[in-house]
1. Say we look at segment 56-65 and pick out the residues that are open to solvent by 50 Å² or more (accessible area, probe 1.4 Å) and over 10 Å from the mean Cα position of the chain (by Cα); which of these is modelled with the lowest pLDDT?
2. I need every pair where a residue in segment 28-57 that is more than 20 Å from VAL17 (Cβ to Cβ) has its Cβ under 9 Å from the Cβ of a residue that is open to solvent by 70 Å² or more (accessible area, probe 1.4 Å) and assigned to a strand (DSSP E or B), sequence separation at least 6 or different chains.
3. Which of the residues that make up segment 17-46 are at pLDDT below 90, over 13 Å from the mean Cα position of the chain (by Cα) and of a type outside the set (Phe, Trp, Tyr)?
4. Which one is most open to solvent (accessible area, probe 1.4 Å) among residues in segment 1-55 that are under 15 Å from THR69 (Cα atoms) and aromatic (Phe, Trp, Tyr)?
5. Of the conditions (1) of a type outside the set (Gly, Ala, Ser); (2) in contact with a strand residue (DSSP E or B) (Cβ under 7 Å, 6 or more places away or on another chain); (3) in contact (Cβ under 8 Å) with a residue 12 or more places away in the chain, ASP18 fails just one. Which one is it?
6. Considering only residues that are assigned to a helix (DSSP H, G or I) and in contact with a helix residue (DSSP H, G or I) (Cβ under 6 Å, 6 or more places away or on another chain), which ones fall in segment 23-52?
Amino acid sequence: MAGKIPQQFIDELLRRVDIAEVINGRVPLKKPWREYQACCPIHREKTPSVTVSPTKQFYHCFGSGAHGTAPGSPTEYDRLRFP
């Protein structure tokens, strides 16, 4: 299992990290309702299509289909591989 991050570590990371703070570090988030919204940095748009849910700890873009959790958002934004 060389090069793999243990699932237990990833689960603990998800409990400690606020996905809204992680994504807001890359794109400005707005909170019109319960969840946050932003323009997708992956397909460069003018109207918000990304929804960020702090309670569920995930994001989803309705335009590009990108979705994931806090550890995956920077890797997808920078087009990196998550080990």
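1. SER64
2. Listed by first residue and then by second, the contacts come to PRO48/LYS30.
3. Across segment 17-46, the qualifying residues are PRO32, ARG34, HIS43, ARG44, GLU45, LYS46.
4. PHE9
5. Every listed condition holds for ASP18 apart from (2).
6. ILE23
The values are calculated or read from the model by the stated rules, or taken from the named source; none is laboratory data. This one's a predicted model, so the numbers in the text were calculated from it and none came from an experiment. Because the Cβ atoms are built from the backbone with ideal geometry, glycine has one as well, and the counts that use them run over all protein chains shown. Protein only, heavy atoms only, side chains kept; ligands, DNA and RNA dropped before computing areas. Shrake-Rupley method; radii C 1.70, N 1.55, O 1.52, S 1.80 Å.
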